[in-house]
Amino acid sequence: MSAAVARETAQEFMSQVERYRDEFYRYVVRTLWDSNMADDVFQSAVLSALENYHKFTPGTNFRAWVYRIITNKCYVANRETGRAMAPLESAEAGMIALQEQPGYGDVLKDPAAFLEECGDEIVHAFRKLSTAERACILLRSVERFSYQEIAEILEMPVGTVMTHLSRGRAKLRKELLDYAVEAGVVRSFPRLVPRQTPGATQQSERGTM
């Protein structure tokens, strides 16, 4: 490749990166366990993408292609800091039972106001998620990728993506629900389906006789 062609290729690459620079960088900051590493990881990812730009197929999704490279860099960085992606089997015990907690699934009727009240607690709760859970939530809820696109970016089955999303969202709800009660943001969480006590059930049965 001549110097002129290489220069033209680099300019073409950077023009595309500039379109998504802010969201790429935001994703790096939110995915890393140590946000102080964001600049180095972001620059490393962009350089790696440039070096491999010849492997990119024109006409395909450039944004998703770069996200795959960025995500891999974040995984490596998190692993080096001792906070590597946790396997599915290591999910917290009892996560499936979260739906049994009062108020689960109906955290607030006005979630925007709730998030404003939470402040830094959102960041703290988010940083308790695994790398995969954070990546899936960001790519789906913030960057609006489809499940299939996320699966391609993270190189995992669609079913695994959905599992990470479900578990990550459940953890966030639990953390924010606990905070809301402790901070007095929310005083009570009525159950969507009231749970009957054995005594109440017996009285109901006697009343129908």
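All of the numbers you see were taken from the coordinates with simple rules; none came from a lab. In this text the structure is predicted, and so the values were computed from the model without any measurement. Glycine also receives a Cβ, built like all others from the backbone with ideal geometry; neighbour counts cover every protein chain displayed.
Observations
- Spin-label pair D178/E8, simplified geometry with 7 Å Cα→Cβ offset, distance in nm: 5.9 nm
- Length gained on full extension, Y147 to D22: 42.8 nm, using 0.36 nm per residue less the C-alpha separation.
- If R0 is 45 Å, the Cβ-Cβ spacing of K55 and H124 corresponds to a FRET efficiency of close to 0.70.
- Around D40: net Lys/Arg minus Asp/Glu count, Cβ-Cβ under 12 Å: -2
- Leading residue at positive end of dipole, segment 3-80 (Cβ point charges), from F13, F62, L47: F62
- Per-residue packing, averaged as other Cβ atoms within 10 Å, sorts the ranges 19-29, 54-64 into the order 19-29, 54-64, beginning with the highest.
- Length released on extending from E155 to S48, taking residue separation times 0.36 nm less the Cα-Cα span: 36.8 nm
- Most tightly packed first, judged by the mean number of other beta-carbon atoms within 10 Å of their residues, the peptides 149-156, 135-142 read 135-142, 149-156.
- HN-Hα J in Hz across segment 8-23 - Karplus 6.51, -1.76, 1.60, θ = phi - 60°, x for Gly and Pro: 5, 5, 5, 5, 5, 4, 5, 5, 6, 4, 4, 5, 10, 3, 4, 6
- Electrostatic dipole magnitude of segment 3-80 [Cβ: Lys, Arg +1; Asp, Glu -1; Cα centre; debye, to 20]: 260 debye
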